[in-house]
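The values are calculated or read from the model by the stated rules, or taken from the named source; none is laboratory data. All values derive from a computational prediction rather than experimental measurement. Every residue, glycine as well, gets a Cβ built from its backbone with ideal geometry; the counts of neighbours run over all protein chains shown. What goes into the accessible areas is simple: the full protein's heavy atoms, side chains included, and nothing from ligands, DNA or RNA. Shrake-Rupley method; radii C 1.70, N 1.55, O 1.52, S 1.80 Å.
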Amino acid sequence: MIDLKNMEPFVELPEALSHAETQTLKAMEDLGGKFKPSASTGNFYPPSENDEWTNGMWTGEINVMYELTGKDIFRKKALEHVDSFYDRIVSMSSINNHDMGFLYSPSCVAAYLLYGSDKGRDAAIMAADYLISRFQEKGQFIQAWGPIGSRDHHRLIIDCLMNIPLLFWATRTTGDEKYEKVALAHFNTSIEYVLRPDDSTYHTYYFDPDTGKPLYGVTHQGNRNDSAWSRGQAWGIYGSALAYRYTGSEKALDVFDRTLRFFLGHLPQSVIPYWDFDFDDGSGEPRDSSALAVAICGMLEMSDLLNRPDLRSDADKLLGVLYRTCAVKDPSLSNGQLLHGVYCKKSPTNDARNRGVDECNTWGDYFYVEALKRISTPGWKAYW
């Protein structure tokens, strides 16, 4: 187990903020009016259309940078993106999944919160409407992938804990409880079946499409069905922290404590987690820096909610390691923010394919700059 007590604090925050601004500006220049794809190629993102589940997090990075700097160049670009997200949900283009929170919270909810964008609000509400349409009564969960009602896709995945905050927000914004009702049902189903007795998590869990009976947990992006995929564990940490913010549920607090305890207890001595907790230092496997960025954001969220300076101190130290070992400090090397991420990696026992292995990825970039904002502004209001 890593020794957080004797780890160095993150004293390089000012230079980290400067490098992060440079990198966002570099990516904006390279991409023009387009988006980062989900993962870089050779550590550089080529221009991409708004057609992946990750595009909202590029806009989110721009929004965070506006909050950090107050520079109008970021506000203007973020509002341009709102038009694209509005058109995407109206046309129902490339949305055959549950990832409405990843798409619309850091982009359109943020635009409404930061700039008063009614178009952003409307787009986010439409995204919430689509998300609840994926709710399966038989099993009480939001279907992750595939056509709605597909028997082959009658399952949830742990990532969706980051999508349901969009539903909590929608209820508070519209006054309509239908969104929160679905969010609560999905959260309760997820934590009942995805969280294992040893505090690790399944990536995905299947249910009988005829009866809703829980069947079995497997992985898609982890090393094997019974291993702990590091990013999935991080989704559990941050997702439960956000659920606690909206509900004050002791159940959510318990899930946060358990998933965080496992995550910290299984980090390698070199701190940056490997793509699956099956692996440790000396394994030769790639790391997933994005998993640590997500977990740090969850720790900082809960530190604010519970007034826990110990969580903030631990997150600060982890963020320092992340900066020193993975942050881009030279735009000639990359137009991303965070090196050494993994989208997914093929193993003998999963059904994934190698994609974005040891590359920057869009969510890693976003959650890294969110962590910088959180550590520099205690009590910051997140977009989730």
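The table below lists the values:
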| read-out | value |
| --- | --- |
| Helix-only CD estimate at 222 nm, as mean residue ellipticity for the chain, using -39500 (n - 2.57) per DSSP H run (n ≥ 4) | -16500 deg cm²/dmol |
| Share of pairwise Cα separations in the chain, more than 31 Å, in percent | 29 |
| Protection-proxy order for peptides 273-285, 132-144, 41-53, 296-308, each taking the mean of Cβ atoms within 10 Å per residue, highest first | 296-308, 132-144, 273-285, 41-53 |
| Contour excess over end-to-end distance, with Cα ends at Q269 and S93 and 0.36 nm allotted per residue | 59.0 nm |
| Normalised contact order of the chain, rounded percent, pairs of Cα under 8 Å and 6 or more residues apart | 20 |
| Peptide ranges 94-103, 331-340 listed from the most packed, as the mean C-beta count within 10 angstrom indicates | 94-103, 331-340 |
| Rounded accessible area per residue of the stretch 250-384, 1.4 Å, Å² | 34 |
| Potential extension, T22-K76 segment - 0.36 nm per residue separation minus Cα distance | 17.7 nm |
| Förster-model FRET efficiency, 56 Å R0, D281 and K119, C-beta, rounded to 0.05 | 0.70 |
| Accessible area of the stretch 94-141 belonging to carbon and sulfur atoms, whole % at 1.4 Å probe | 44 |
| Inverse of mean 1/r across different Cα pairs in the stretch 166-313, Kirkwood, Å | 16.2 |
| Additional length obtainable on full extension of the chain from F44 to N307, 0.36 nm per residue less Cα span | 90.8 nm |
